[in-house]
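Following: one structure in structure tokens, then a few remarks.
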Amino acid sequence: MDKKTTGIIATLVSVFLCGCPGLCFCLFGAFTAIGKMPYETEFSGVTDTGTLPPTVGYVLICLALILIVIPIAVGFVTLRKKPGEAVVSNEPLPPPA
């Protein structure tokens, strides 16, 4: 495989492993940050209900942004055009004028 195909595969894998979960974390974090994420627990017959604190939402949004940036960075690094290498010629140089 050539380098471009490998770069495309690496970008797609990083999108599915980091980008998609990052978008889900972003949505979950936004709902948590605005106070719309209720929970209900039961332990030993005692039931507790409430909402998750907004701090959890802010942390999830930050984690989501990191996960979303990873596929962008992988795509940039693997698919960018690298500067051309110097061409080495075995021909003799012309005599000075």
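The values are calculated or read from the model by the stated rules, or taken from the named source; none is laboratory data. For clarity, every value in this text was computed on a predicted model and none was experimentally measured. Note: ideal-geometry Cβ built from the backbone for every residue, glycine included; neighbour counts use all protein chains shown.
Is it the case, given these coordinates, that Pro83 is modelled with pLDDT under 90, within 30 Å of Val15 (Cβ to Cβ) and not hydrophobic (A, V, I, L, M, F, W, C)?
Criteria met by Pro83.
Name the one entry in Pro21, Pro71 that is in contact with a Leu (Cβ under 9 Å, 6 or more places away or on another chain), closer than 26 Å to Lys3 by Cβ and assigned to a helix (DSSP H, G or I).
On inspection, the qualifying residue turns out to be Pro71.
Would you mind finding the one in Thr55, Thr49 that is touching an Asp or Glu at 6+ places or on another chain (Cβ under 7 Å) and either at negative phi or not in a helix (DSSP H, G or I) (or both)?
Answer to the check: Thr49.
When residues of region 27-46 are filtered for being outside any strand (DSSP E or B) and closer than 30 Å to Leu17 by Cβ, how many remain?
Qualifying residue count, region 27-46: 10.
What tally of residues in region 45-97 results from selecting those that are of a type outside the set (Gly, Ala, Ser) and touching a helix residue (DSSP H, G or I) at 6+ places or on another chain (Cβ under 7 Å)?
14
Determine whether region 31-53 contains at least one residue that is over 30 Å from Met1 (Cα atoms) and under 16 Å from the mean Cα position of the chain (by Cα).
no
Quick check, is Pro96 surrounded by 13 or more Cβ atoms within 10 Å (Cβ to Cβ) and either modelled with pLDDT under 95 or on the phi > 0 side of the Ramachandran plot (or both)?
no
If the requirement is being buried (at least 16 other Cβ atoms within 10 Å of the Cβ), under 30 Å from Lys82 (Cβ atoms), out of contact with any Lys or Arg (no Cβ under 9 Å at 6 or more places or on another chain) and in contact (Cβ under 8 Å) with a residue 12 or more places away in the chain, which of these qualifies: Thr32, Thr11, Thr6?
After applying the criteria, what remains is Thr11.
Which condition does Thr78 not pass, out of (1) over 25 Å from Ser14 (Cα atoms); (2) assigned to a helix (DSSP H, G or I); (3) of a type in the set (Val, Ile, Thr), if it passes all the others?
Against the list (1) over 25 Å from Ser14 (Cα atoms); (2) assigned to a helix (DSSP H, G or I); (3) of a type in the set (Val, Ile, Thr), Thr78 comes up short only on (1).
What pairs come out if I take residues in region 42-58 that are surrounded by 10 or more Cβ atoms within 10 Å (Cβ to Cβ) and pair them with residues that are among the aliphatic types (A, V, I, L, M) and in a loop (DSSP other than H, G, I, E, B) whose C-beta lies under 9 Å away, six or more apart or interchain?
The qualifying pairs are Thr51/Met37; Leu52/Met37; Pro54/Ile34; Val56/Met37; Gly57/Ile34; Gly57/Met37.
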